[in-house]
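**Q** Sharing a structure, written as structure tokens. Questions coming.
Values in this text are rule-based calculations from the coordinates and carry no lab data. Source: prediction; values computed, not measured. When we count neighbours, we look across all protein chains shown, and the Cβ atoms used for this are built from the backbone with ideal geometry, even at glycine.
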Amino acid sequence: MNELNRYGWNEMLNQLKQESIHRALSHGRVTIVHRTCYEVISGDGLFQCELTGSMMYGKSASELPCVGDWVIFQSFDDDKGIIVDMLPRQRTMYRKKNGTVSDKQAIAAYVDKAFIVQSLDDNFNVRRAERFIAQILEEDIEPVFVLNKADLDFNRQRIDEAIKHLTRQIPVFITSIRQPQTILRLRESITEGETVVFVGSSGVGKSSLVNALCEKPMLVTSNISQSTGKGRHTSTRREMILMDGSGVLIDTPGVREFGLTIDNPDSLAEMLEISDYAEACRFSDCKHIDEPGCAVLEAVDSGLLDHKVYESFLKLRREAWHFSVSEHEKRKKDKSFSRLVDEMKKQKGSF
Ligand SMILES: Nc1nc2c(ncn2[C@@H]2O[C@H](COP(=O)(O)OP(=O)(O)OP(=O)(O)O)[C@@H](O)[C@H]2O)c(=O)[nH]1
Ligand SMILES: [Mg+2]
Ligand SMILES: [Zn+2]
């Protein structure tokens, strides 16, 4: 098999490349992004690339290539290149930048599955998992919940109870890097050419899992075995690794906060099983807050729907709406600004 196919290159991507005016040049996939340097794996090996000026200034920060993106580049000196174009993004994982209202950051592109990793200690938090899932579903990426450090003492019954609504919707794996059969099961869930991104708090064992899946130390891991989510972050960059035999793994640094950048909470309602009940609401545009004949509220009252899951839904939906309004306003502002620039250019021209 061609090396690049193992990284996910396929006929569909080749078709997309043919639409670029730069289709005669080389293509490859971004494996690591340094400040201004992009490591790109291609059929001819690894290239250290930079962006052309028009790529750099013609795009907003979240549109610049990120790990996983497929790019077209002009090579020189055997292992250097200039990125001149990128294929249209698909299945990209975004997050809202810390402290901003609507600025988003691209974490990884062309992702098939996202492993949401938590450890079976204080880090375990099903509400946080739902937040990740909401974001991931919106991008057509398949969410997978990985509960790591199963060798630690934990209350299996309490965990099963807390995640039972998720278990019905998405795959859940209980793993430990000290229990090889759990790693084997996780590996079997990844198929050739598939791209998996690992997300979750610092210290939960994302890099350790990548190493265990590859059966060799590819990434640096912490030597403190507790996941505090507060301490020093061990991984400092997003990095793509080819797993022997199959699969492309993208490790990411731990994130404490994961702001939503979605504007449509429909898939969230489905995942949290709200939509199952909503079908029976009296009003088709029911918001399930205080409307008469709301079947969702009835399900909460009767205990059919866990009130914590319902509250989590309301909270995430509010956040999604908030993001969508801010995005809309930002776009409006950007538009009126570019109109102003156009006006000024015209006026200048008339002098
Ligand atoms: N007991 C136990 N410890 C584990 C397991 N997996 C990872 N660890 C330990 O947890 C600590 C943190 O692991 P890392 O892999 O560095 O965590 P990370 O999620 O990559 O953290 P950041 O890079 O900071 O985001 C290390 O000391 C690992 O040895 C596990 O299954 N069981
Ligand atoms: Mg790490
Ligand atoms: Zn309702």
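**Q** Largest first, please: the extent of the C-alpha atoms of the range 266-338 along each principal axis, to the nearest Å.
**A** 53, 23, 18 Å, listed from the longest principal axis down.
**Q** Take the Cα pairs of the range 93-251, get the Kirkwood Rh, then feed it into Stokes-Einstein at 20 °C and 1.002 mPa s and tell me D in µm²/s. If you can, show how the numbers build up before the last one.
**A** On the way: Rh = 16.0 Å.
Translational diffusion coefficient: 134 µm²/s.
**Q** With a cut-off of 8 Å between alpha carbons and a minimum separation of six or more residues, what is the relative contact order of the range 93-251 in percent? Mind dumping the intermediate values first?
**A** Values: 271 pairs, mean separation 37.2, N = 159.
Once normalised by length, the contact order is 23 percent.
**Q** Give a residue-ordered list of calculated ³J(HN,Hα) values for the range 23-37 (Karplus: 6.51 cos²θ - 1.76 cosθ + 1.60, θ = phi - 60°; whole Hz; x for Gly, Pro).
**A** Working through the residues one at a time gives 4, 6, 7, 6, 10, x, 10, 6, 9, 8, 10, 8, 3, 10, 10 Hz.
**Q** Distance check, please: which entries in 164/308; 59/346; 113/216 exceed 18 angstrom between their Cα atoms?
**A** Details: 164/308 13 Å; 59/346 23 Å; 113/216 22 Å.
Cα-Cα > 18 Å for 59/346; 113/216; rest within.
**Q** So what's the back-of-envelope 222 nm ellipticity for the chain, counting only DSSP H runs of four-plus at -39500 (n - 2.57) apiece and dividing by all residues, rounded to 500? Walk me through the numbers before you get to the answer.
**A** Working: 11 runs with 122 residues, N = 351.
The helix contribution divided over the chain gives -10500 deg cm²/dmol.
**Q** Kindly provide the pair-distance distribution of the range 48-119 built from C-alpha pairs, with 5 Å bins from 0 and whole-percent values in order of increasing distance.
**A** The percentages, shortest bin first, are 3, 14, 20, 21, 18, 12, 6, 4, 1, 0.
**Q** At q = 0.17 Å⁻¹, what log₁₀ I(q)/I(0) does the range 1-125 have when each alpha carbon counts as one equal point scatterer in the Debye sum?
**A** The Cα Debye sum returns log10 ratios of -0.90.
**Q** Report D for the range 205-293 in µm² per second (integer): Stokes-Einstein, Kirkwood Rh on Cα pairs, 4 °C, 1.567 mPa s. Walk me through the numbers on the way to the answer.
**A** Working: Rh = 17.0 Å.
Roughly 76 µm²/s, to the nearest whole number.
**Q** Roughly speaking, what % of Cα-Cα pairs in the range 1-54 are separated by over 16 Å, rounded to a whole number? It would help to have the intermediate numbers written out before the result.
**A** Details: 695 of 1431 pairs.
The share of Cα pairs beyond 16 Å in the range 1-54 comes to 49 percent.
**Q** Put a dot 7 Å past each Cα toward the Cβ at residue 52 and residue 181; how far apart are the dots in nm?
**A** Rounded to a tenth, the inter-label distance reads 5.6 nm.
**Q** With an 8 Å Cα cut-off and a minimum separation of 6 or more residues, compute the relative contact order for the range 3-86 in percent. Please report the intermediate quantities before stating the final value.
**A** Details: 137 pairs, mean separation 24.8, N = 84.
After rounding, I find 30 percent.
**Q** May I ask for the Rg/Rh ratio of the chain, computed from Cα atoms with Rh as the Kirkwood radius, given to two decimals? Write out the running numbers ahead of the final one.
**A** On the way: Rg = 22.5 Å, Rh = 22.2 Å.
Taking Rg over the Kirkwood Rh, I get 1.01.
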